[in-house]
Amino acid sequence: MDTILNKFRSDNKIALVTGCSSDIGLAMALALAEAGADIIGGSHNMESEGEEVRNAVTATGRKFFPFQADFGNRKSLYYLIGIIETICNQIY
């Protein structure tokens, strides 16, 4: 049966979620993980709050790749791009 939830399945996909250590970002990371996606999760305070997100995502059986980034800093964004390229190359 094709339910509305089946239309949102994300099996074997990778989702990039910013601000994932709290509020809407955290809710999105968990929802996407529950839908079947591995999560690349970023936040400016990932170092201090990342363990909670990691535990919640991995509890769904999905992988979690954390990064700490300041989106107002160009070097930080280039670092993020490098992480994404590395993760995607390792997975595929």
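Across the range 37-52, the number of residues qualifying as under 11 Å from the mean Cα position of the chain (by Cα) and among the acidic types (Asp, Glu) comes to 1. If the condition is being over 19 Å from residue 36 (Cβ atoms), in contact (Cβ under 8 Å) with a residue 24 or more places away in the chain and open to solvent by less than 40 Å² (accessible area, probe 1.4 Å), then the range 51-92 contributes 67, 69, 80, 83.
Output the residues belonging to the range 11-50 that are open to solvent by less than 90 Å² (accessible area, probe 1.4 Å), part of a loop (DSSP other than H, G, I, E, B) and at pLDDT below 90. The answer is 19, 20, 21, 22, 45.
If we scan the range 25-35, do we find a residue that is touching a strand residue (DSSP E or B) at 6+ places or on another chain (Cβ under 9 Å), without any contact (Cβ under 8 Å) to a residue 60 or more places away in the chain and among the charged types (D, E, K, R)? Please lay out each step first, then the result.
From the range 25-35, those touching a strand residue (DSSP E or B) at 6+ places or on another chain (Cβ under 9 Å) are 25-26, 28-30, 32-33, 35; that's our starting set.
With the extra rule that they be without any contact (Cβ under 8 Å) to a residue 60 or more places away in the chain, the set shrinks to 25-26, 28-30, 32-33, 35.
Checking which are among the charged types (D, E, K, R) leaves us with none.
Looking for residues that are touching a strand residue (DSSP E or B) at 6+ places or on another chain (Cβ under 9 Å), without any contact (Cβ under 8 Å) to a residue 60 or more places away in the chain and among the charged types (D, E, K, R), one finds none in the range 25-35, hence no.
The set of residues from the range 60-92 being out of contact with any Asp or Glu (no Cβ under 9 Å at 6 or more places or on another chain) and of a type in the set (Gly, Ala, Ser) comprises 61, 69, 72, 82. Answer yes or no: is there a residue in the range 52-66 that is in contact with a Ser or Thr (Cβ under 9 Å, 6 or more places away or on another chain), part of a helix (DSSP H, G or I) and over 19 Å from residue 9 (Cα atoms). Yes, the range 52-66 contains a residue that is in contact with a Ser or Thr (Cβ under 9 Å, 6 or more places away or on another chain), part of a helix (DSSP H, G or I) and over 19 Å from residue 9 (Cα atoms).
The values are calculated or read from the model by the stated rules, or taken from the named source; none is laboratory data. Every value quoted in this text rests on a predicted model; they were computed, and no experiment measured them. No Cβ is skipped: glycine too gets one built from the backbone with ideal geometry, and neighbour counts run over all protein chains shown. Surface accessibility is based on the protein's heavy atoms, side chains included, excluding ligands, DNA and RNA. Shrake-Rupley method; radii C 1.70, N 1.55, O 1.52, S 1.80 Å.
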